[in-house]
Amino acid sequence: MHDPPMLSIENALRVLLAIGGSTNAIVHLTAIAGRLGVDLSLDDFAAASDIPVLANSALMFGYARPDWRD
């Protein structure tokens, strides 16, 4: 059986993939896993690639923030 930190990271990975998270989230999740002593690599993301995208929440470049100059 997996330990709680590993289960939490696996769950976060699934949620990240299901909501179409950003590439930045992958970097942060990998860093969090490292702090918890969980070995997480890009191979783990590839292995979970069969998870369907339920909602694409990644921001679009031109619509990420209002244009403060106008």
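Before moving on, here are some points about what is shown:
- Unmet criterion (only one of (1) modelled with pLDDT of 90 or more; (2) open to solvent by 80 Å² or more (accessible area, probe 1.4 Å)) for residue 13: (2)
- Qualifying residue in the range 24-35 (condition: at pLDDT below 90 and either open to solvent by 50 Å² or more (accessible area, probe 1.4 Å) or among the polar types (S, T, N, Q) (or both)): yes
- Residues located in the range 6-35, provided they are under 13 Å from residue 48 (Cβ atoms), assigned to a helix (DSSP H, G or I), of a type outside the set (D, E, K, R) and within 8 Å of the chain's Cα centre (by Cα): 12, 13, 15, 16, 17, 26, 29
The values are calculated or read from the model by the stated rules, or taken from the named source; none is laboratory data. Every value quoted in this text rests on a predicted model; they were computed, and no experiment measured them. Note that we place each Cβ from the backbone using ideal geometry, even for glycine, and neighbour counts take in every protein chain shown. Calculation scope for accessible area: heavy atoms of the full protein, side chains included, ligands and nucleic acids excluded. Shrake-Rupley method; radii C 1.70, N 1.55, O 1.52, S 1.80 Å.
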